[in-house]
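Here is the structure we will look at.
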Amino acid sequence: MGRFRYRMQSILDIKLKMETHAKQEFAAAKAALDEEVEKLETLFERKAAYEDEARELLAGPLKVLDIMANKEAILRMEEYIVLQTQVVEKAKKKVEEAREALKEVMQERKVQEKLKEKAFDNFLAEEKAAESKEIDQLTSYTYGKRIQYNNAVNGD
């Protein structure tokens, strides 16, 4: 039996490398998104802390400078939250782009693998046909020799 060689194996290897690279890019984009979301959550927590502090300042003796500084801090946190929300949205878009790129590369790899499977199936069919032909030839040869032997023994 011959050895199977897929003539487009180098293309399949390239597709596998591209898929690995796309997976790494997706993982990096996802990690960046997670980091940005964590920053946003931290900003929300800081804003909530400032709001708690504002309630305490208003409940106790009124210190106008402290109240104004607190109000300014809350406004600043709201600005940071808006900016960070935009950063998170950009990170989400990058993750989605990376996901689409990965999906496309995976489909291309799967196509190459299907082609390799079909080529292997064709190889097996050719090998089976060659083997069958060889068996037929051997059977014909053996039958012919047997006939010659029988004719020689019988004196024909």
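Let's see how each residue does on (1) more than 30 Å from Gln9 (Cα to Cα); (2) of a type in the set (D, E, K, R):
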| site | (1), (2) |
| --- | --- |
| Leu102 | no, no |
| Val111 | no, no |
| Leu115 | no, no |
| Lys118 | no, yes |
| Asp136 | yes, yes |
Discussion item. Can you tell me which condition Val88 does not meet? The list is (1) outside any helix (DSSP H, G or I); (2) touching an Asp or Glu at 6+ places or on another chain (Cβ under 6 Å), and all the others hold.
Written reply: (1)
Worksheet item: Does Lys47 count as charged (D, E, K, R), in contact with an Asp or Glu (Cβ under 6 Å, 6 or more places away or on another chain), surrounded by 16 or more Cβ atoms within 10 Å (Cβ to Cβ) and assigned to a helix (DSSP H, G or I)?
Response: no
Item to complete: Might you let me know whether region 94-102 holds any residue that is hydrophobic (A, V, I, L, M, F, W, C), in a helix (DSSP H, G or I) and surrounded by fewer than 14 Cβ atoms within 10 Å (Cβ to Cβ)?
Response: no
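Per-residue answers, yes or no, for (1) farther than 30 Å from Gln24 by Cβ; (2) polar (S, T, N, Q); (3) without any contact (Cβ under 8 Å) to a residue 24 or more places away in the chain:
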{"residue": "Leu75", "(1), (2), (3)": "yes, no, yes"}
{"residue": "Tyr80", "(1), (2), (3)": "yes, no, no"}
{"residue": "Ala101", "(1), (2), (3)": "no, no, no"}
{"residue": "Met106", "(1), (2), (3)": "no, no, no"}
{"residue": "Leu115", "(1), (2), (3)": "no, no, no"}
{"residue": "Asp121", "(1), (2), (3)": "yes, no, yes"}
{"residue": "Glu127", "(1), (2), (3)": "yes, no, no"}
{"residue": "Ser132", "(1), (2), (3)": "yes, yes, yes"}
Discussion item. As an exercise: evaluate Ile14 against (1) out of contact with any Lys or Arg (no Cβ under 6 Å at 6 or more places or on another chain); (2) surrounded by 13 or more Cβ atoms within 10 Å (Cβ to Cβ); (3) more than 23 Å from Glu100 (Cα to Cα); (4) without any contact (Cβ under 8 Å) to a residue 60 or more places away in the chain and give the number of the one condition it does not meet.
Written reply: (3)
Discussion item. Of the residues Ile67, Ile74, only one is part of a helix (DSSP H, G or I), of a type in the set (A, V, I, L, M, F, W, C) and either touching a strand residue (DSSP E or B) at 6+ places or on another chain (Cβ under 7 Å) or at pLDDT below 95 (or both); which?
Written reply: Ile67
Worksheet entry | Residue under evaluation Ile147, criteria (1) touching a residue at least 60 places away in the same chain (Cβ under 8 Å); (2) over 30 Å from Ile11 (Cβ atoms), criterion not met | (1)
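The values are calculated or read from the model by the stated rules, or taken from the named source; none is laboratory data. Here the structure is a predicted model, which means the values were calculated and not measured. Cβ coordinates were reconstructed from backbone atoms using ideal geometry, including for glycine residues, and neighbour counts include every protein chain displayed.
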